[in-house]
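To start, the structure itself, in structure tokens.
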Amino acid sequence: MNYLSKALIFCLLFLLAFPGSVSAQQASAPQIDAAAAVLLDFQTGQVLYSKNGQESRIPASLVKIMTMYVALDQVKAGRVSLQDTVVVSEAAWRMIGSRMFLEPNEVVTVEQLLYGIAVVSGNDACVALAEALAGSEAAYVQLMNEKARALNLPLKFVDVHGLSTDNVVTAEGVAQLVRAYLADHPEAIRFHHELSFSYQPRSSRNPIVQYNRNGLLRTYEGADGLKTGHLEAAGYNLVATAVQNNRRLIAVVLGAQSEAKREQEAAALLTYGYRNFDLVNIAPLLSDKTARVFKGKQSTVSVMVQEPIIAVPKGVGATVSVAIQTKEVEAPVEKGAPVGILSIYLQDELVKQVPLLAAEEVERGSWIKILWDNAARFLQNLIRRP
């Protein structure tokens, strides 16, 4: 496709009037007492708060988010069913730390293992699942790293349970991982919001009931997930997510000093997000904007963005500016084809950049139109020569 370097840049300034009585002054961000922390808006993917968000950290049991992601990918692809059975190996049984209390040669379902991972953080359940779906833990770890690369996230895994200190994540990477995970598998939240999980090993006369270590499920309005983690070298980690007024936020706290502190800081992040940010639809700003089309039945194509919602601070007088850079495209043009870049600014600070897409199809024009556009392009290039 032959592109011209023509840039069509303009700024559209508008006043955002938010409903309700709000202060014109943005509340200050919380001082989070943890090694790293991030608050992410689920719908837009915007980072609303970051402290050392790109610093490498040890995830501990947060690794299990990717373990579940890969498993649910296989369920979605039809390669495995939640009701498929798994025979527990001795290697799974011998796992230390948090356990579902599986025993050798027991038969459990994939669904039971997923609950055992999400609710009670069972290291034995992770190994049993990995062996069942990939043949070995090492092969499953490879799938986890391939998934991280496909998502373009700075994550490195060496096991399926998080006991190793060689696993590496960043707070922002974990937040984006959870966003992708819940976007691809919204049904996954049912595993994570369970307050307890009961499993009866073959040798036990009674079921063993264990409780979800994510205390925010019991104390924070709308909290429905997602995962805790702890190693001495990592500190106390927590990914917390909640929905209020149909809006999901994701908070990541890494390296807190205690279980209570990680919950306190995650709650502070979620509250900060709900109190201080609103979602705004920028689609009306693009209603009359077009990109140039050569050799088409029409000479322009209207434009759109895939996600027209952005998160902006609350407060009367918040000013948003939008800059559009389009490229000349050649017909035929499919709906959704990239035609440029949309940059969104808040008070001259770049908030987000997203692809600008064709909002409609444009068919190839007649031979007369094609000749005309070729001649026009030739003359334009001739005039531009020094």
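Tell me whether region 84-92 contains one or more residues that are in a helix (DSSP H, G or I), surrounded by fewer than 24 Cβ atoms within 10 Å (Cβ to Cβ) and within 27 Å of the chain's Cα centre (by Cα).
Within region 84-92 (the criterion being in a helix (DSSP H, G or I), surrounded by fewer than 24 Cβ atoms within 10 Å (Cβ to Cβ) and within 27 Å of the chain's Cα centre (by Cα)), the answer is no, since none of the residues qualifies.
Take Met68 and tell me if it is among the aliphatic types (A, V, I, L, M), in a loop (DSSP other than H, G, I, E, B) and either within 19 Å of Leu182 (Cα to Cα) or in the same structural domain as Leu40 (by TED's automatic domain parsing) (or both).
Taking the combined requirement at face value, the residue does not satisfy it.
Across region 122-143, what is the total count of residues that are crowded, with 24+ Cβ neighbours inside 10 Å and among the aliphatic types (A, V, I, L, M)?
Count: 5.
For region 76-91: of the residues being free of Cβ contacts under 8 Å to residues at least 40 places away in the same chain and polar (S, T, N, Q), which is farthest from Val107 (Cα to Cα)?
Looking at residues that are free of Cβ contacts under 8 Å to residues at least 40 places away in the same chain and polar (S, T, N, Q), I get Ser81.
Being closer than 18 Å to Asn214 by Cβ, in the same structural domain as Ile250 (by TED's automatic domain parsing) and surrounded by fewer than 21 Cβ atoms within 10 Å (Cβ to Cβ) narrows it down to one of Gly78, Gly97, Gly45, so name that one.
Details: Gly78 fails: closer than 18 Å to Asn214 by Cβ; Gly45 fails: closer than 18 Å to Asn214 by Cβ.
Result of the check over Gly78, Gly97, Gly45: Gly97.
Determine whether region 217-226 contains at least one residue that is in a helix (DSSP H, G or I), without any contact (Cβ under 8 Å) to a residue 24 or more places away in the chain and surrounded by fewer than 24 Cβ atoms within 10 Å (Cβ to Cβ).
The answer is yes, given that some residue of region 217-226 is in a helix (DSSP H, G or I), without any contact (Cβ under 8 Å) to a residue 24 or more places away in the chain and surrounded by fewer than 24 Cβ atoms within 10 Å (Cβ to Cβ).
Out of the residues in region 328-356 that are in a loop (DSSP other than H, G, I, E, B) and closer than 19 Å to Ile282 by Cβ, which is modelled with the highest pLDDT?
Step one: of region 328-356, the residues in a loop (DSSP other than H, G, I, E, B) are 328, 331-332, 334-337, 347-348.
From what's left, closer than 19 Å to Ile282 by Cβ: 336, 347-348.
Details: Gly336: 90, Gln347: 76, Asp348: 78.
The extreme case among them is Gly336.
Looking at region 290-302, can you tell me whether even one residue there is over 18 Å from Lys335 (Cα atoms) and either touching a residue at least 60 places away in the same chain (Cβ under 8 Å) or surrounded by 18 or more Cβ atoms within 10 Å (Cβ to Cβ) (or both)? Don't jump to the end; show me each part of the working.
Quick first cut of region 290-302, residues over 18 Å from Lys335 (Cα atoms) only: none.
The answer is no, given that none of the residues of region 290-302 is over 18 Å from Lys335 (Cα atoms) and either touching a residue at least 60 places away in the same chain (Cβ under 8 Å) or surrounded by 18 or more Cβ atoms within 10 Å (Cβ to Cβ) (or both).
Against the condition of a type outside the set (A, V, I, L, M) and at pLDDT 85 or above, how does Pro308 come out, does it pass?
Numbers: of a type outside the set (A, V, I, L, M): yes; at pLDDT 85 or above: yes.
Considered against the rule, which asks whether it is of a type outside the set (A, V, I, L, M) and at pLDDT 85 or above, Pro308 comes out as yes.
The values are calculated or read from the model by the stated rules, or taken from the named source; none is laboratory data. The shown structure was predicted, so the numbers you read here are calculated from the model rather than taken from an experiment. Don't worry about glycine lacking a Cβ; one is built from the backbone with ideal geometry, like all the others, and counts go over all protein chains shown.
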